[in-house]
1. Using a 10 Å cut-off on Cβ atoms, rank the peptides 419-428, 488-497 from the highest mean neighbour count down.
2. So for segment 42-495, averaging the separation of alpha carbon pairs under 8 Å that are six or more residues apart and normalising by length, what relative contact order in percent results?
3. Order 476-484, 375-383 from most to least packed using the mean count of other Cβ atoms within 10 Å.
4. If you average the sequence gap of Cα pairs under 8 Å that are 6 or more apart and divide by the length of segment 165-318, what percent do you get for the contact order?
5. Of all the C-alpha pairs in segment 477-538, what % are more than 20 Å from each other?
6. Dividing the alpha-carbon radius of gyration of segment 335-433 by 2.2 N^0.38 Å (N being the number of residues), what value is obtained?
7. Enter the Cα centre distance for the pair segment 349-410 and segment 574-637, rounded to the nearest angstrom.
8. Have a look at segment 504-633 and give its Rg and Dmax from the Cα atoms, expressed in angstrom.
Ligand code: K7E
Ligand code: CUA
């Protein structure tokens, strides 16, 4: 305990850095970083992409929140991505990026991330670095233990943090205990396309399901979820959910679940959830509402779920690269408890149960524990692995990262973080093949680390070199939003697949204009569709007449460029949404309702060429009752 306190009282920000640290993070101008890091944006709802070791910000990918910079959630094509059973939702709280895996290794195809508030999972395509799909999770409240993948991305998972009535209904909150439920959802990921479908839900007791990780190697076929509030308290949880000595890690045998599903042992219950897909050919997202879900009841499905008693309100659950060790990071516990998967199987075999909860067998704790890391620090949250037999755990309260040996459970190194570290990330650190060169600590509090910026200070990431015996702090950089979790991957696994532009002849957008000779303005009642093209350095047409006050105007802009890194932007004066930022070969649509007569300029918003400033035009807006005919032109045509 005292070791931890000493660390926490360390408030100096002058950590001694060795003189060659700068060279370790210096990536010369024009050179590439060694790793991509995908860092959650937390309450920004987005995903940011950094290069490591430089800490350079490469891109912010809009996922769950509208993004005016890219027009995401504002242009007509991407608005359906943010559709849910509650209608259009322009924000969420994103926690855990998770890279797709093949054979337990990151494969660089997709990165998934959860939306916590309005339960959703998004899939980002790593050839385009765009959000390709979002699926809502039915009958859940707070999709936190998500979207941790299985070894071959058979599934990504979603566990409800908040128990809720299942299915949702009006009832007294005081009747929580025994009546609220926790759904653990397995989302099938189609092998080639990556398309997600809710495969089934496991209907669990009304605990809080905090985090998850799937088994690998010998534990492949299982997924582990931490629980807290096994007390089933519905008020003042800081007291009510901290009563029990132990909560559980719920071990779900999803291969068994597949058998039960195949045998028809599920119930189909009504649900209502959105499934949104962005089509790369049409450049348009569509949203479909799904109406039912298959559910398995553990009490009726022997062998599907076991509880592993784990002290005390465990937060992260992390599985080592071999799949043998399951680390429970008990937030309120003085020690770290590590379970053995082999012992778990033995205990199941021998029926070494310590009773049951809601029909789910509780394994005897002393029969499944592999080892205890004794008093490593205060407030353990998350653990990752370096692939060399070491584990690294973050301690929120004592603000440090502690390195310990898997198997002997001895602490071998510790280093402060500045301050209050949450997750940590080692590239591949939750896979079978960690690339254990760097570790990134994701910190909540940064006071005194950067120039003050008023009451709000950015969160931060800290980069450590873990290639030697001692961890070494290299770099400290601010992040966007709150970086809960992050994932990293060798640049080579991603960059070779990166798309440079969309082939224009494959553009199937219903309102695409594939050649300048096809530009036009079409009136359909009070709807006006402007089929416009952009190429350096003009928008075509650039003189438009015949639009009237009260019309519904759609600018369908196609970028005719067929070269890397030549987007064109577009906006029109008085537009109430955001710009378009159209990639080469893509079509995007800006909706505009002109409110007042006049002549309004529009222009390209992205400095695309020497004559970018000339990339402009006018649209004339006449009174609602005028008879100015629809006309369009560019140059003398
Ligand atoms: Cu620990 Cu949401 Cu994964 Cu934040 S969670 S730290
Ligand atoms: Cu196109 Cu600026």
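Bear in mind that the values in this text are calculations on the coordinates, not laboratory data. The structure presented is a predicted model; accordingly, all values stated were derived computationally and were not measured. Note that we place each Cβ from the backbone using ideal geometry, even for glycine, and neighbour counts take in every protein chain shown.
1. Put in order of decreasing packing, that is 419-428, 488-497.
2. It rounds to 11 percent for segment 42-495.
3. Details: 476-484: 21.4, 375-383: 23.8.
The peptides rank, most packed first, as 375-383, 476-484.
4. RCO, segment 165-318: 25 percent.
5. For segment 477-538, the share of Cα pairs beyond 20 Å comes to 60 percent.
6. Computed over Cα atoms of segment 335-433, the ratio equals 1.24.
7. Their Cα centres are 60 Å away from one another.
8. When restricted to Cα atoms, segment 504-633 yields Rg and Dmax of 13.9, 45 Å.
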